[in-house]
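Written out below as structure tokens is the structure these notes cover.
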Amino acid sequence: MKSFFRKSSVIFTAAMLAVAIPSCKDNDNGNDDNDELLMAVLESYVDKTIIPTYKTLAEAALKMREANAALKSSPTDANMAAASDAWMVARVAWEINEAFLFGPVGEDALDIDGHIDSWPLEIEQIRNTIDEENGEITGAEAWNLDSEVIGFHVTEYLLYKDGQTRPVGDLTTAELNYLTAATDALVWDCVLAYVAWVGEENVSAEMKTVFRENPDVVSHLDNNPNFKNFATKMKLGEGTKYSSAVAAVSEIWTGAADIANEVGETKIASPYETGKTEEVESWYSWHSLDDYKNNIESIKNAYLGGVNNDTRTAVSLSTYVATKNAKLDGDIKAKIEETIDKIGAIGTGDKSFYEVVRDQINKAQVDAAVNACVELAELFTSLEDIIE
């Protein structure tokens, strides 16, 4: 469970990278050349992976808000289906950023992760809040509630049941009001993540307006100025958080190792071993295995660059590792694909992870996926010895 609040860059093209790689080995000035390559990795990573991912998340959250507003004004099954579909798009956009939950999003910063994605929910507290307020809670009030009663999973709880979109008749007016307020709170967190990374001056007028809707959100960022315009700080490889380009680049592999371990040990192994279905994340929508695969896809994007296989970059952590240890680079890429496949195999028999845990089936597939996650984390941890 997560809890809330508890100088100029160098742009390398593929051709320039080809020149830089041998110079790292052959020139007397190798350290400087290596630093330039690390800076190029940071530039590409931030501009081509992190920023587009958070922009997509913020845009998806706004679409979710529109869908839920339409549902509230016209509660039909068609609008309920549209709202749950919009939730799913936003959920994918969130889970595919989990390899870089540092900087503004992290627990030691704005803790957007804790606020937006805490699990398990406090269902009794949610029900009490809905009953006491009759759903007449504002988004601003919701944003200041405990993290276990807002975020992705409370909206999921209201939109889905047993892996299916709920009939609109299942929801009371009070629940629809609460869904709208919780969605506003989620939107502000998603937009806050984007604004903190790129800077308020660099987002669209629409995003700026949404960011400024809630003064508490603005104050939260203002009170943590070290996490403003974090993209620039990371690309420079310096500032209050980073002492060097090496330290900044190390965030990439540590973020990858952290989420690989979390997926294997916390998200998969723990609920299966205890048999507690309430510990299965995203079980209302039965989207758990897709969440976990998307977490590994986020590792893939962080390592290979870009946001999918169609947008891979010429410079990435992978290209850097390949200059140091080509076999290790190949092993990491192969293990990423293997891990995604083995997580998918947990659902053998067309089962959701909720059903797998509930019925204690597919143990061999669960064990294989957990082991793959552990091995992937170990491969990334080994990068500590070659990034210099």
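Of note:
- Test: SER23 is surrounded by fewer than 20 Cβ atoms within 10 Å (Cβ to Cβ), at pLDDT below 60 and closer than 30 Å to ILE387 by Cβ: yes
- Residue list for segment 137-178, filter: among the hydrophobic types (A, V, I, L, M, F, W, C), surrounded by fewer than 24 Cβ atoms within 10 Å (Cβ to Cβ) and farther than 25 Å from PRO104 by Cα: ILE137, VAL168, LEU171, ALA174, LEU176
- Considering (1) closer than 25 Å to ALA247 by Cβ; (2) open to solvent by less than 40 Å² (accessible area, probe 1.4 Å); (3) out of contact with any Gly (no Cβ under 9 Å at 6 or more places or on another chain), the lone condition that GLU384 does not fulfil carries the number (2).
- Of all residue pairs spaced 6 or more apart or on separate chains, those with beta-carbon atoms under 7 Å, a first member in segment 272-290 that is within 14 Å of TYR157 (Cβ to Cβ) and a second member that is surrounded by fewer than 23 Cβ atoms within 10 Å (Cβ to Cβ) and β-branched (Val, Ile, Thr) are TRP283/THR277.
- Taken over segment 354-370, the residue count meeting the criterion of being part of a helix (DSSP H, G or I) and surrounded by 15 or more Cβ atoms within 10 Å (Cβ to Cβ) is 11.
- Residue in segment 354-376 that is modelled with pLDDT under 95, closer than 23 Å to ALA257 by Cα and of a type in the set (A, V, I, L, M) present: no
- Test: ALA257 is modelled with pLDDT under 95 and aliphatic (A, V, I, L, M): no
- Total residues in segment 171-188, condition outside any loop (DSSP other than H, G, I, E, B) and out of contact with any Phe, Trp or Tyr (no Cβ under 8 Å at 6 or more places or on another chain): 12
- Segment 312-326 - residue that is open to solvent by less than 60 Å² (accessible area, probe 1.4 Å) and assigned to a helix (DSSP H, G or I) and, of those, farthest from ILE268 (Cα to Cα): THR323
- Qualifying residue in segment 327-343 (condition: at pLDDT 95 or above and in a loop (DSSP other than H, G, I, E, B)): no
Yes/no matrix, rows are residues, columns are (1) among the basic types (Lys, Arg); (2) surrounded by 18 or more Cβ atoms within 10 Å (Cβ to Cβ):
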| site | (1), (2) |
| --- | --- |
| PRO225 | no, no |
| SER244 | no, no |
| ALA260 | no, yes |
| GLY264 | no, yes |
| LYS267 | yes, yes |
| PRO271 | no, yes |
| TRP283 | no, yes |
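The rows are residues; the columns are (1) farther than 20 Å from HIS153 by Cβ; (2) among the charged types (D, E, K, R); (3) open to solvent by 10 Å² or more (accessible area, probe 1.4 Å).
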{"residue": "LEU38", "(1), (2), (3)": "yes, no, no"}
{"residue": "GLU43", "(1), (2), (3)": "yes, yes, yes"}
{"residue": "ALA67", "(1), (2), (3)": "no, no, yes"}
{"residue": "ASN79", "(1), (2), (3)": "yes, no, yes"}
{"residue": "ALA86", "(1), (2), (3)": "no, no, yes"}
{"residue": "LEU101", "(1), (2), (3)": "no, no, yes"}
{"residue": "ASP108", "(1), (2), (3)": "yes, yes, yes"}
{"residue": "ILE112", "(1), (2), (3)": "no, no, no"}
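The values are calculated or read from the model by the stated rules, or taken from the named source; none is laboratory data. Note that this is a predicted model, so its numbers are computed, not measured. Don't worry about glycine lacking a Cβ; one is built from the backbone with ideal geometry, like all the others, and counts go over all protein chains shown. When the accessible area is computed, the model is the full protein with side chains, heavy atoms only, and any ligands, DNA or RNA have been set aside. Shrake-Rupley method; radii C 1.70, N 1.55, O 1.52, S 1.80 Å.
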